[in-house]
Amino acid sequence: MQGTTSEPISPPLRARVAGRLRRSHGVRSGAVLGVAALVFSLTGYLFQTACIRFLGPSRYSDVAALLALSAVIAIPLGSIQTLIAREAAYLAARDAGPALRGYFRRTMAVTVPCALGVLGLTLALTLPIEDLLNIASAQVVIAGMSALAFLIIGAILYGFLQGLQRFPQLAFNYVVSGVAKPLLVVPVLFAGLGAAGGDRVHGEGAGRAEPGEQHGHHQERLGHAGHDVVERQL
């Protein structure tokens with residue numbers, strides 16, 4: 001009799017690929033960041049929709065102008081975040097824990113004063129920005145530009161999280177920053193901070209009362225006309 005040799009049966013290709021994907025740190029991190037980016041985009045859409053619906057086209061132009069100005073000012077933050085991430089990854093790869101902590105402290109010691117300085121400068125330029133962009137009031141400029149300090153500090157922290165491959169924490173921060181925009185900024189706009197939200201509400205109320213008055217006058221005229229017709233018939 002010939003001996004039979006038992007050969008291991010390899011799993012199907014699909015199962016092998018699925019197993020490798022599940023074990024891949026890069027795939028898991030990419031999926032987490034993808035979901036966070038989706039949430040960030042959806043909350044941004046909600047923010048824009050709420051502003052457009054509540055403020056209307058004329059007042060929303062103030063918000064759009066401030067958002068565009070903030071985006072222009074924040075352009076260098078992407079490059080700074082990349083540099084921070086590269087340096088943090090280099091120190092983490094060398095297992096240089098003390099050097100990494102020292103680098104973080106030095107970076108934050110520079111970042112926080114710079115963020116406060118940029119915030120103070122933009123607040124000092126509130127009136128020129130209001131005149132240049134034709135904003136409705138200075139309160140709108142203050143409310144819009146006050147986010148710059150958080151953008152600067154957030155970019156540095158994101159760089160460290162990215163360099164240390166703390167992608168779940170990075171995704172969590174993306175989600176929190178996205179959700180905070182409609183939850184915090186929209187109530188400020190609803191409160192009327194110079195964006196004339198309250199004026200618009202009162203104006204709409206007045207607009208609704210005026211047609212009612214016109215309808216009353218119209219009914220009164222119809223009553224007089226009917227009375228005249230009845231008198232002539234009699």
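The values are calculated or read from the model by the stated rules, or taken from the named source; none is laboratory data. Model, not experiment: these values are computed from the prediction. With ideal geometry, Cβ positions are generated from the backbone for all residues, glycine too; neighbour counts draw on all protein chains shown. Heavy atoms of the whole protein, side chains included, go into the accessibility calculation; ligands, DNA and RNA do not. Shrake-Rupley method; radii C 1.70, N 1.55, O 1.52, S 1.80 Å.
Among the residues of segment 96-134, those identified as part of a helix (DSSP H, G or I) and small (Gly, Ala, Ser) are Gly97, Ala99, Gly102, Ala109, Ala115, Gly117, Gly120, Ala124.
Beta carbons closer than 8 Å, at least 6 apart along the sequence or on distinct chains, pair a first residue in segment 92-108 that is closer than 14 Å to Gly163 by Cβ with a second that is open to solvent by less than 80 Å² (accessible area, probe 1.4 Å) and not in a helix (DSSP H, G or I) for Ala92/Leu164. The residue that is modelled with the highest pLDDT, among those in segment 186-196 that are assigned to a helix (DSSP H, G or I) and either out of contact with any helix residue (DSSP H, G or I) (no Cβ under 7 Å at 6 or more places or on another chain) or surrounded by fewer than 19 Cβ atoms within 10 Å (Cβ to Cβ) (or both), is Pro187.
Being open to solvent by less than 40 Å² (accessible area, probe 1.4 Å), at pLDDT below 90 and either out of contact with any Asp or Glu (no Cβ under 8 Å at 6 or more places or on another chain) or farther than 24 Å from Ser177 by Cα (or both) is true of Ile129. Does segment 62-70 include one or more residues that are open to solvent by less than 70 Å² (accessible area, probe 1.4 Å), modelled with pLDDT of 90 or more, closer than 19 Å to Val141 by Cβ and of a type outside the set (A, V, I, L, M)? The answer is no, given that none of the residues of segment 62-70 is open to solvent by less than 70 Å² (accessible area, probe 1.4 Å), modelled with pLDDT of 90 or more, closer than 19 Å to Val141 by Cβ and of a type outside the set (A, V, I, L, M).
This table checks each residue for (1) crowded, with 16+ Cβ neighbours inside 10 Å; (2) of a type in the set (Val, Ile, Thr).
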{"site": "Ala115", "(1), (2)": "yes, no"}
{"site": "Gly120", "(1), (2)": "no, no"}
{"site": "Asn134", "(1), (2)": "no, no"}
{"site": "Val140", "(1), (2)": "yes, yes"}
{"site": "Gly144", "(1), (2)": "yes, no"}
{"site": "Leu148", "(1), (2)": "yes, no"}
{"site": "Ile152", "(1), (2)": "yes, yes"}
{"site": "Leu157", "(1), (2)": "yes, no"}
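In segment 35-59, which residue that is at pLDDT 80 or above, among the aromatic types (Phe, Trp, Tyr) and open to solvent by 30 Å² or more (accessible area, probe 1.4 Å) is nearest to Met108 (Cα to Cα)? Of everything passing the filter in segment 35-59, Phe40 is nearest to Met108 (Cα to Cα).
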